[in-house]
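Notes follow the structure.
The values are calculated or read from the model by the stated rules, or taken from the named source; none is laboratory data. The model shown is predicted, which means the values in this text are computed figures rather than measured ones. Positions of Cβ are backbone-derived with ideal geometry, glycine not excepted, and every protein chain shown enters the neighbour counts. These accessible areas exclude ligands, DNA and RNA; they are computed on the full protein's heavy atoms, side chains included. Shrake-Rupley method; radii C 1.70, N 1.55, O 1.52, S 1.80 Å.
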Amino acid sequence: MNKLRCCFIVLLSLIFLYGCVQTNILDKVGLTTLIGYDVGTEKKISTTAVIREVNPEFQSKVEVLTTENDTIKGNRMEANRKLSKKIMVGQMRVVLFGEELAKDDLHYYINTNLENANVSNSIYMAVVEGKAAPFLKYEYKDIEDIGQHIFRLIEQNIEQEYMISATLHQIAHDYYSIGKDLAMPIVKRDGEFVKLSGVALFKGGKMVSSLPARDSFYVKIVRDTFKVGLYEAILEKEDIPPKLKHKSSNKITVAFDAIHSKRDMVLVDASKPEFDLNIQIRSRVLEVYPDINQGHRESVAALEKAIEKKLAKEITRVIAHSQEVESDIFGFGEKYRSAVRHSNLTKDKWHKMYKDMKINVKVKFVILRDGVFE
């Protein structure tokens, strides 16, 4: 009897709860898939929303709508006044920031999205070369839904490890961390295409510089690890050992994949500070042009050493650039703070120390003998 009464109470509670839930029928709402922010007129926020609407016949159309207001919520109300369907943000997958806005400060936008329970922490964030509004409103010849297209573009490049990942969760962690700065992909319009063009470097909430998309490999290999991926290293004349030199070419291009990497940051001197950065890469070489004697162990060993030298030089260059603009996107400050007790480290203090930090980069590159060398 008591069991029956408990079941009845639970069932009754579920009925009441169901009645309290606000239902949103698909053909009565507009699903926001992407939001772009720019600096508006008179210091207002300019918001461009990509909204997918579904009609009763289950045919959909995409609206790209720009509004200006003092707040993000105010922009949402402005957009609702212009559409026949209620705007929902639960399907939002990407947030874009115009370049001018990114160079100003993103603190407000990071906080606002974090505090919005309807916004997933897994949404991607990126910077647009120029302004977000004209980038999103352009009528691309072969792109029906610009919101979905940008989401898939970013997602597949992150999955294939061609670009760093910058979700809301990751951005918030790096922004509030003492000893690490945030970084985001940069997107741009290239004729009728959308492409990832680089990596934006931030100091605090302000974008201070950028790196070309190719350098995303070096950024990722220092910040994280590689499990899969494809990369092409170009060995210039000065990087090529005598054993591999060809009379017909002044450079050798090496394509490798199946990358498994490990990186180890070691603080060797807290007063300077000075770090040893040791990176190990195990890889399968797919292609070498011009061709080398692939069956000769000495040639393979020479190629490994040449690639080690090239990667160490490029990683050192990328870190040096980040030091110039005082943007520790690699997290050396976090390592310093965990290794030095009572460091009383602050963001400002670390940025000054980071600029003069010494870094010793050592790369160990091993070619797995299950690729072209079999």
Using a 1.4 angstrom probe and counting only protein chains, how large is the accessible area of MET125 in Å², to 10?
-> 0 Å²
When the accessible area of the chain is split by element with a 1.4 Å probe, what percent falls to carbon and sulfur?
-> 52 percent
Computed over the stretch 41-169, protein heavy atoms only, probe 1.4 angstrom, the accessible area per residue in square angstrom equals 52 Å²
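Taking every DSSP beta bridge that has both residues in the chain, what percent is antiparallel when rounded to the nearest 5?
Working: 55 of 79 bridges.
In the chain, approximately 70 percent of DSSP beta bridges are antiparallel ones.
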Rounded to the nearest 5, the percent of antiparallel DSSP beta bridges in the stretch 239-366 equals 60 percent
Compute the label zone of ARG223 within the stretch 175-202: residues whose backbone N is under 17 Å from the point 7 Å along Cα-to-Cβ.
-> 175-188, 196-202
Gain in length, LYS73 to HIS173, computed as 0.36 nm per residue apart minus the alpha-carbon separation, to one decimal in nm?
-> 33.6 nm
Roughly speaking, what is the stretch gain from ARG297 to GLU63, that is 0.36 nm per residue apart minus the C-alpha to C-alpha distance, in nm to one decimal?
-> 78.3 nm
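Using helices alone, I'd like the mean residue ellipticity at 222 nm for the chain: each DSSP H run of four-plus residues gives -39500 (n - 2.57), total over residue count, nearest 500.
Working: 11 runs with 127 residues, N = 374.
After summing the helix terms and dividing by residue count, I get -10500 deg cm²/dmol.
Starting from the stretch 221-267, pick out the GluC sites (Glu not before Pro) whose DSSP state is loop and whose Cβ has at most 14 other Cβ atoms within 10 Å. Intermediate results must be reported in sequence, preceding the final value.
Working: sites: GLU232, GLU236, GLU238; in loops: GLU236.
Qualifying residues, ordered by number: GLU236.
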Among the aspartates and glutamates, which have Cα under 19 Å from the Cα of LYS61 when same-chain residues fewer than 8 positions away are ignored?
-> ASP27, GLU53, GLU139, ASP142, GLU144, ASP145
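Please work out how much length the chain gains when fully extended from SER122 to GLN160, using 0.36 nm per residue of separation minus the C-alpha to C-alpha distance, in nm with one decimal.
Values: separation 38, 0.36 × 38 = 13.68 nm, distance 1.75 nm.
Between SER122 and GLN160, full extension yields an extra 11.9 nm.
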Measuring from label point to label point, each 7 Å out along Cα→Cβ, what is the SER338 to TYR108 span in nm?
-> 3.5 nm
Dipole of the stretch 237-326 (Lys/Arg Cβ +1, Asp/Glu Cβ -1, origin at the Cα centre): which of LEU311, LEU244, LEU286 lies farthest to the positive side?
-> LEU244
Based on Cα positions only, what radius of gyration and what Dmax would you give for the stretch 250-318, in angstroms?
-> 15.2, 48
List the residues whose amide H sits under 5 Å from the amide H of PHE202, counting only those 5 or more places along or on another chain, with H placed 1.01 Å from N in the peptide plane.
-> LEU182, VAL208
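Greater than 19 Å separation of Cα atoms is the criterion. Which listed pairs, LYS227/LYS355; LYS43/LYS206; LYS203/LYS362; LYS220/LYS313; LYS82/LYS137, meet it?
Numbers: LYS227/LYS355 31 Å; LYS43/LYS206 17 Å; LYS203/LYS362 26 Å; LYS220/LYS313 16 Å; LYS82/LYS137 17 Å.
Long pairs (Cα-Cα over 19 Å): LYS227/LYS355; LYS203/LYS362.
In the neighborhood of PHE226, defined by Cβ-to-Cβ distances under 13 Å, what is the net charge if each Lys or Arg adds +1 and each Asp or Glu adds -1?
Details: positive: LYS220, ARG223, LYS227, LYS262, ARG263, ARG282, ARG284; negative: GLU159, GLU161, ASP224, ASP257.
The answer is +3.
At R0 = 41 Å, how high is the FRET efficiency between ASP356 and LYS82 if r is their beta carbon distance? Nearest 0.05 is fine. Kindly include the intermediate steps, with their values, before the conclusion.
Details: r = 53 Å, r/R0 = 1.29.
Between ASP356 and LYS82 the formula returns 0.20.
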Which helices pass in the chain if a helix is a full DSSP H run, must span at least 24 angstrom along its long axis by Cα, and must have mean Kyte-Doolittle hydropathy not below 0.0?
-> 2-20
Cα extents of the stretch 241-374 along the three principal axes, largest first, in whole Å?
-> 55, 27, 20
Between [x] 63, 57, 43; [y] 63, 46, 43; [z] 78, 65, 55, which matches Cα extents along the principal axes in Å calculated for the structure shown?
-> [z]
Volume per residue that the Cα convex hull of the stretch 299-355 spans, once the total is divided by residue count, Å³ | 83 Å³
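Roughly how compact is the stretch 70-190, stated as its Cα Rg over 2.2 N^0.38 Å to two decimals? Spell out each step's value before the answer.
On the way: Rg = 14.9 Å, N = 121, 2.2 N^0.38 = 13.6 Å.
Relative to the rule-of-thumb radius for its length, the stretch 70-190 sits at 1.09.
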